[in-house]
Amino acid sequence: MKITDKKSSKKSINERDKIKSMIETIKSSRAQNQKIKREKKQLDKIESKTKAKKKQQSQEKKKKTQKRKPSNKKNKTQKTNNMKSSEKDKNKCPPNMSPLKTKDGLLCVGKCPHSGGPIYYNPSIDKLVCKWHGSQFKTSGKVLTPPAMENLKIKKIK
Ligand code: FES
């Protein structure tokens, strides 16, 4: 009986050691879990801060764009004013004549006397030129180069 008691006591000691080691491993794993949780919390805080910063930046951008919009409106109004002025200029010209801005001022120019081509102003040579065949005229309307043989009809507005 004594021998069996000794064996059983050794077994119980071994089991206790095993249990102790198990408990230690469990404790260490719990500590690791707690560390991981802390790290996750820190990461969450950092992420929330970065999100807040991004929101602020996007709001600032929106504010800036909202501030710019009125200037765009001004540009639009300026454009519409310019359109209105060109329309006014057109209205100043008699029918079959179109307004052209030159160095001397605003002119109403008729169609080319050669075949009725449209006339444009070339500022580099300070001449009126026909788009179709290239006849050139002075800003006064006098013919300079053929094929046009007659002078241009011109009316000075300004
Ligand atoms: S139509 Fe102008 S030159 Fe011919």
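The values are calculated or read from the model by the stated rules, or taken from the named source; none is laboratory data. Keep in mind the model is a prediction, meaning the values are calculated, not measured. Methodologically, a virtual Cβ is constructed for each residue, glycine included, from the backbone with ideal geometry; neighbour enumeration extends over all protein chains shown.
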Hey, Asn96 of a type outside the set (Gly, Ala, Ser), modelled with pLDDT under 85 and on the phi < 0 side of the Ramachandran plot or not: no
Of all residues making up region 124-158, the number that are at positive phi and either within 9 Å of the ligand (Cβ to nearest atom) or within 45 Å of the chain's Cα centre (by Cα) (or both): 2
Residues (of a type outside the set (A, V, I, L, M, F, W, C) and out of contact with any Leu (no Cβ under 9 Å at 6 or more places or on another chain)) located in region 105-128: Gly105, His114, Ser115, Gly116, Gly117, Pro118, Pro123, Ser124, Asp126
Hey, Lys2 surrounded by fewer than 10 Cβ atoms within 10 Å (Cβ to Cβ) and either at pLDDT 90 or above or among the charged types (D, E, K, R) (or both) or not: yes
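Criterion first (at pLDDT 85 or above and under 38 Å from the mean Cα position of the chain (by Cα)) does Pro70 satisfy it?
It is false that Pro70 is at pLDDT 85 or above and under 38 Å from the mean Cα position of the chain (by Cα).
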Members of region 105-123 that are away from the ligand (no atom under 16 Å from the Cβ), under 12 Å from Lys155 (Cα atoms) and of a type outside the set (A, V, I, L, M, F, W, C): Gly105
